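Accompanying notes for the structure given below.
The values are calculated or read from the model by the stated rules, or taken from the named source; none is laboratory data. Bear in mind that the values here come from a model prediction, so they are computed numbers and not experimental data. Methodologically, a virtual Cβ is constructed for each residue, glycine included, from the backbone with ideal geometry; neighbour enumeration extends over all protein chains shown. Ligands, DNA and RNA are stripped out before the accessible areas are found, and what is left, the full protein with its side chains, is counted by its heavy atoms. Shrake-Rupley method; radii C 1.70, N 1.55, O 1.52, S 1.80 Å.
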Amino acid sequence: MIYFVTSNRGKMEEARAMLGMELSQMDIGYPEIQADTLEEVVIFGMKDLAGRLDGPVMIEDAGLFVDALNGFPGVFSAYAQKTIGNAGILRLMEGAKDRGASFRSVVGYAEPGEEVRLFRGELRGKIAFAPRGEGGFGYDPIFEVGGITVAEMGLQDKNRISHRGQSIGAMREHLSGRT
Ligand code: ITT
């Protein structure tokens, strides 16, 4: 059993579908520092959690990186989602010819007393002109891949291509390689 420390139920469902039932959600919080990269946020968070839990722990930090906005909101994605939301991102993109964007995910995983391992994933796509779809969460309604938004995909289809599907898939490979 692995503790997944997150406040985000959408992430939890996606991770559980990738890994099976061996995940337990812990909404206990950890300090998310202001840093330049998702990796730094994850490493700092894992240091804080080390020793607080009695088994294997994972956390994940994700973000939306928009090319025309020089990578914004990036490490500020949670704050931007809470404040300006998807409508605010679309407003910032008014008139932008380049709609390219990435979702990125960094997973940190450690067993008690062991080094932290990082696993990454990235999904390239485009910022839509208007939100579409009811699935997923966060920025999914405004992030398009192959003409449909991530919110218009089912969870399994999202996991097959997504940043989180890749990072958690890499973690699963790592774990299965050791048993
Ligand atoms: P934690 O408790 O795990 O930190 P969080 O929701 O704060 O949950 P992040 O900091 O990793 O998660 O996410 C930053 C923001 O990006 C947040 O507003 C998410 O809703 C959004 N986000 C993360 N993954 C996403 C995905 O797969 N699709 C759409 N939006 C996503």
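Overview of results
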quantity	calculated
Near pairs, Cβ below 7 angstrom, 6+ apart or cross-chain, from the range 89-103 (of a type in the set (Gly, Ala, Ser)) to any residue that is open to solvent by less than 10 Å² (accessible area, probe 1.4 Å)	101/64; 101/66; 101/127; 101/143
Close pairs (7 angstrom Cβ cut-off, 6 or more residues apart or separate chains): within 11 Å of the ligand (Cβ to nearest atom) in the range 156-179, in a loop (DSSP other than H, G, I, E, B) anywhere	158/136
Any pair with Cβ under 8 angstrom, 6 or more apart, that starts in the range 66-83 at a residue that is touching a residue at least 24 places away in the same chain (Cβ under 8 Å) and hydroxyl-bearing (Ser, Thr, Tyr) and ends at one that is open to solvent by less than 60 Å² (accessible area, probe 1.4 Å) and within 9 Å of the ligand (Cβ to nearest atom)	77/62; 77/63; 77/64; 77/138; 77/139
Residue selected from the range 137-155 under the condition of a type in the set (Gly, Ala, Ser) and near the ligand (Cβ under 10 Å from one of its atoms), by the criterion least open to solvent (accessible area, probe 1.4 Å)	151
Whichever residue in the range 48-60 is surrounded by fewer than 17 Cβ atoms within 10 Å (Cβ to Cβ) and touching a residue at least 60 places away in the same chain (Cβ under 8 Å) and, among such residues, is farthest from the ligand (Cβ to nearest atom)	51
Candidates 12, 58 - the one that is outside any helix (DSSP H, G or I), aliphatic (A, V, I, L, M) and at pLDDT 95 or above	58
So residue 29, is it surrounded by fewer than 19 Cβ atoms within 10 Å (Cβ to Cβ), within 12 Å of the ligand (Cβ to nearest atom) and within 24 Å of residue 16 (Cα to Cα)	yes
Index of the failed condition, residue 114 passing every other in (1) closer than 21 Å to residue 175 by Cα; (2) out of contact with any strand residue (DSSP E or B) (no Cβ under 8 Å at 6 or more places or on another chain); (3) acidic (Asp, Glu); (4) modelled with pLDDT of 95 or more	(4)
Residue pairs meeting the criteria (Cβ under 7 Å; at least 6 apart or on separate chains; first in contact (Cβ under 8 Å) with a residue 12 or more places away in the chain and more than 24 Å from residue 122 (Cα to Cα), in the range 20-38; second away from the ligand (no atom under 14 Å from the Cβ) and among the hydroxyl-bearing types (Ser, Thr, Tyr))	none
Residues satisfying the stated conditions in the range 61-77, i.e. surrounded by 17 or more Cβ atoms within 10 Å (Cβ to Cβ) and within 9 Å of the ligand (Cβ to nearest atom)	61, 62, 63, 64, 73, 75, 77
Sole exception among (1) modelled with pLDDT under 95; (2) within 12 Å of the ligand (Cβ to nearest atom) for residue 133, by number	(1)
